[in-house]
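This report refers to the structure that appears directly beneath it.
The values are calculated or read from the model by the stated rules, or taken from the named source; none is laboratory data. Everything numeric here is computed off the predicted structure, so don't read it as measured data. Here Cβ is always computed from backbone atoms with ideal geometry, including for glycine, and neighbour counts include all displayed protein chains.
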Amino acid sequence: MSAMEQAAEGTVEGHASKSAAAIDRAKAEGRAALVGYLPAGFPSVQESIDAAIELAHNGADIIEIGIPYSDPVMDGSVIQAATTEALASGFRVASVFDVVKAVTDATDAAVLVMTYWNPVMRMGVDEFARRLARAGGAGLITPDLIPDEASEWFEASDRYGLDRVFLVAPSTTPERMAMTVDATRGFTYAVSLMGVTGARAAVDESAQRVVAGAREAGAERVCVGLGVSNAEHVREIAAYADGVIVGTAIVSALRDGGPAAVGRLAAALSGGLAREGHPA
Amino acid sequence: MRLVAENAPEAAAADFTSRAADTNGSGTEPADVFLSGSLRHSPGPYFGAYGGRWMPESLIAALDELEETFEKAKQDPEFVAEIAELNRNYSGRPSLLTEAKRFSQHAGGARVFLKREDLNHTGSHKINNVLGQALLAKRMGKTRIIAETGAGQHGVASATAAAFLGLECVVYMGAEDCRRQALNVARMQLLGATVVPVTNGSQTLKDAINDALRDWVANVQTTHYLLGTAAGAHPFPAMVRFFHEVIGDEARSQILEQTGRLPDAVCACIGGGSNAIGIFHGFLDDPDVELFGFEAGGSGVETGHHAATITLGRPGVLHGARSYLMQDEDGQTVESHSISAGLDYPGVGPEHSYLHDIGRVTYEPITDSEAMDAFSVLCRTEGIIPAIESSHALAGAIKVGKRLAEEGDASEKIIIVNLSGRGDKDVQTAADWFGMLDENGQVRGTTLSTRRPKGFAPNGDEGEENA
Ligand SMILES: Cc1ncc(COP(=O)(O)O)c(C=O)c1O
C-alpha cells in the first residue's frame, strides 16, 4: 500500500510523517532537531521564502510557516508586529501554499504551517488540507485548536496524510496529556512556559517537566518551544528534548538584518543541538 | 473590498446543517431542544453547532477549574444566597419595571415597559455577572481579576467588585474606547483598578480581549479572567447567562404583576449578548412572546461600517467559541464600527447564533442615527438618559411597536425593553452628536464666565515665571 492509499484509509502511522522523519534524521546524527518559525508574507512573500530557505540551509530541520492572523492571542509583541505588518501589506492566506511549495522545493526541510484555526475553517478544513498537501506541506501546528474540537481536522489530516501537531503546556493534566499525545502525529509541541511567544532571558524550569509528562504519556517525539532565544537555550533543551523550536529570535533577526541574518542566527543556533558525546 | 463582511446567509445555513450533525456528538438539533421542553437553561458547551472551547491548551485547565467551581457553586445554597444578598443590598435589585407612557406614543402607541438595569449600582446590568464571577474567583483562591471593557461599564463593574471583595484588578481597554469613554477610565482608577490602554489592531473591545487572554495565559495561577459578556469559551456563555438570568426572571413576574399577562415582545441590544440573553431567559419558553435582539448597524449595514454580526457575519471561531463572526473571505476578523463602544464587537455569544438559526429570536440592525434619535426621545419623554447601547433596543422597540400597531389596537400590545444601562458615560458623545459642543470640544455656553478660577495666572509666561 502506498502512503497515499494508507492516508486515504486513515491508517497513516507515525513513520509516514514528514516532520517525524526530519526529527529521526537529526536523532541519527546524534543531535536534536532545529525547528524555526517565520510568518509568511513578512516583510514580503518573497523575503519570507528567502528567509525560510536560509533557515533550512543553515541547519533547520523543520520550518514552521505562520499564517498572519488578525487576532493572534498566543503571540507576543514581536510576532504580532510582524504579522500585523504582513496583513497591512495585503497578505492573503492562499499565499501560504506558495511559500510552502517554494521552501519544500528548495530544501530538504519538512515544512509545517502554524495557524490559528479560523482561517482554516473559513477556507474549509478539507480544502485547506488538500491544498497544503499538494504544496508539499508536512502538516499543521494549531495553537488554538485542541483535539476535543478537531474532528474535522482528524478526518482531513488522515485523508491527505498530514501531521497534526497539538500543543501541551505546563498546565496540561496527565489525562489531557495522554489524549493529546494520542491525537498527535509528527511531534508533540511542548510549550515551555505559561505565556505567549517572545524572547526570554532563560528557559523556564517547567519545560523539562512538560517533556517528561509527554514522554510518560507515550510521546515518541517532543519538541520544546516558546521563549527559546539563543544557542545556550538550545543546548540546554537539546539535552532532553527531540527538537528545539525558535520563533521570536528568528523573526527579530529577519526584521533587523533580512534573510542573511536569519541564516547566521540559524547557524549559531544549530551549534547548540549536539548531545553530549555526539559532536555534530 | 475584502474588508466588508459578506452577506452569505445560504452558505451560513448550509454550514450550520453540516456542522450540526458532526459537532463531536454534542450538537443538539433544534427539534430536540423543543422536544426536550426548554430553551432556558442550555448548559453548553455547545448550543447547536455553536460554542465549544477553541482555546490554547494552556488555558484549558483554568476553564476546567472554572467550570467545576461554577457547577458546584450553582448547587450550593450558600452561594446562591450570597448572590441574592449582594443583588439586594449592594446592587439594588430587583430593578424596577417602569412603564414609559410618553415614550409609547413614539412606538405606535404600544405599551412600553423599561427594565431598569440602569438603576443598578455602577449603572448597568454588568454588575450582575461581575459579582457572581468575582465570588467564584475567591472560591478558586485567586487574588487578581482581569477584565476587558468596551464602554467601560464592565470595567467599572469589575473594579467595583474588586474593591468590594479585596481583589487586585487590571482592566484592558482599547485606546480608542479610552478616548470615547474617558469618564469611565477615571472611574475605574478612582476605584483602585489599573487601566491598560490597548493599542493593537482596531484598539477596541476585541483587541482588549486579546490582551486580556495573553495576560491570563501568563498569570492563570493567581488570576481569574472576568469576561464581561455571554461569549468566549465554555463555560463563559452559560455562566454569564446564569448570573444575568435574574433580569428575565424579575421582568417576567413584574410584567405579570403589572399587566396580568406576558408581553408581546421583548427587545434588547446585542454586543456580546449578555443583557439580551439575561432578559430573554425569562421568556424563551413562552412561544407567544416575540424576542428581538438589536445589533449595532453603525453607519448602515450597506456601508461596511457596522457591528451587525448575526445580520451579516458567518460562522467562525473567535475568542474561544464558534459563533457568527464578522470576517473577510480569508477568515480575518473584520473591524466593527458603532457609535456605541459597548456594541462595537465583531463577534457574538454562541447561544444567540443558535437562537437565530432556530428562529426563536429575531436579530436586526439599528443604525447610529436611529439609536441616537431614540436616545433623544427617551431623554425628553421619560426623563431618563439611556446608555447608547440600550438606545439601540429603544430604537428597535419603536419599530416593533409600529409593526404591532398594524396588527390591531396598539394600546393592547405590550413591549419590554431591557434598558441595560444609563447614559452618564455617554454625555460627551451625545453632546458631540447633537452639535452641543463648540470648536474646542466644550459644551456651548459653558465658557462665558468672567470670574477667574483660583490660582489662575492671567498671562501664561508670567505664570511660569512665578512657578
Ligand atoms: C449599558 C450596556 N448595555 C449593553 C452592553 C453590551 O453588552 P452585552 O451585549 O453583553 O449586554 C454594554 C457593554 O458594554 C453596556 O455597557
Handout entry: Lone qualifier among A:Pro147, A:Pro174, A:Pro143, A:Pro170 - being under 16 Å from the mean Cα position of the chain (by Cα) and either within 12 Å of another protein chain (Cβ to nearest Cβ) or crowded, with 21+ Cβ neighbours inside 10 Å (or both)
Key = A:Pro143
Practice task
Report the residue count in the stretch B:251-282 for those that are more than 10 Å from the ligand (Cβ to nearest atom), part of a loop (DSSP other than H, G, I, E, B) and either of a type in the set (A, V, I, L, M) or buried (at least 24 other Cβ atoms within 10 Å of the Cβ) (or both).
Solution key: 3
Handout entry: Residues of the stretch B:76-88 classified as part of a loop (DSSP other than H, G, I, E, B) and under 23 Å from the mean Cα position of the chain (by Cα), total
Key = 0
Exercise for the section: Have a look at B:Val317, B:Val289, B:Val301 and point out the one that is of a type in the set (Val, Ile, Thr), within 14 Å of chain A (Cβ to nearest Cβ) and away from the ligand (no atom under 15 Å from the Cβ). Expected result: B:Val317
Practice task
Looking only at the stretch B:102-125, decide whether some residue is away from the ligand (no atom under 11 Å from the Cβ), of a type in the set (Gly, Ala, Ser), surrounded by 24 or more Cβ atoms within 10 Å (Cβ to Cβ) and within 14 Å of chain A (Cβ to nearest Cβ).
Solution key: no
Exercise for the section: Would you be able to say whether some residue in the stretch A:83-101 is within 17 Å of the chain's Cα centre (by Cα), surrounded by fewer than 22 Cβ atoms within 10 Å (Cβ to Cβ) and either modelled with pLDDT of 95 or more or farther than 15 Å from A:Met114 by Cα (or both)? Expected result: yes
Fill in the blank from the handout: Going through the stretch B:413-441 in order, the residues found to be near the ligand (Cβ under 9 Å from one of its atoms) and either at pLDDT 95 or above or not charged (D, E, K, R) (or both) are B:Asn418, B:Leu419, B:Ser420, B:Gly421, B:Arg422, B:Gly423
Problem - the stretch B:22-62 - residue that is assigned to a helix (DSSP H, G or I) and within 11 Å of another protein chain (Cβ to nearest Cβ) and, of those, modelled with the lowest pLDDT - result: B:Asp22
Handout entry: Qualifying position, being among the aliphatic types (A, V, I, L, M), touching a residue at least 12 places away in the same chain (Cβ under 8 Å) and within 12 Å of chain B (Cβ to nearest Cβ), among A:Val96, A:Val100
Key = A:Val96
Exercise for the section: Among the helices (runs of 4 or more DSSP H) lying completely within the stretch B:340-438, list those that include at least 2 residues that are under 30 Å from B:Gly48 (Cα atoms), in contact (Cβ under 8 Å) with a residue 40 or more places away in the chain and touching a Cys at 6+ places or on another chain (Cβ under 7 Å). Expected result: B:388-406
Fill in the blank from the handout: With the first residue restricted to the stretch A:70-86 and required to be closer than 21 Å to B:Pro346 by Cα and facing chain B (nearest Cβ under 7 Å), and the second required to be surrounded by fewer than 23 Cβ atoms within 10 Å (Cβ to Cβ) and among the aliphatic types (A, V, I, L, M), Cβ contacts under 9 Å at 6 or more apart or on different chains are A:Ser70/A:Leu87
Handout entry: Residues satisfying the stated conditions in the stretch B:143-158, i.e. buried (at least 23 other Cβ atoms within 10 Å of the Cβ) and away from the ligand (no atom under 12 Å from the Cβ)
Key = B:Ile145, B:Ile146
Fill in the blank from the handout: Going through (1) assigned to a loop (DSSP other than H, G, I, E, B); (2) away from every other protein chain (no Cβ under 14 Å); (3) not polar (S, T, N, Q) one by one, A:Leu132 fails only at (1)
Practice task
Could you tell me whether any residue of the stretch B:329-337 is within 14 Å of another protein chain (Cβ to nearest Cβ) and assigned to a strand (DSSP E or B)?
Solution key: yes
Practice task
Would you check which residues across the stretch B:89-121 are assigned to a helix (DSSP H, G or I) and over 22 Å from the mean Cα position of the chain (by Cα) and list them?
Solution key: B:Asn89, B:Lys101, B:Arg102, B:Phe103, B:Ser104
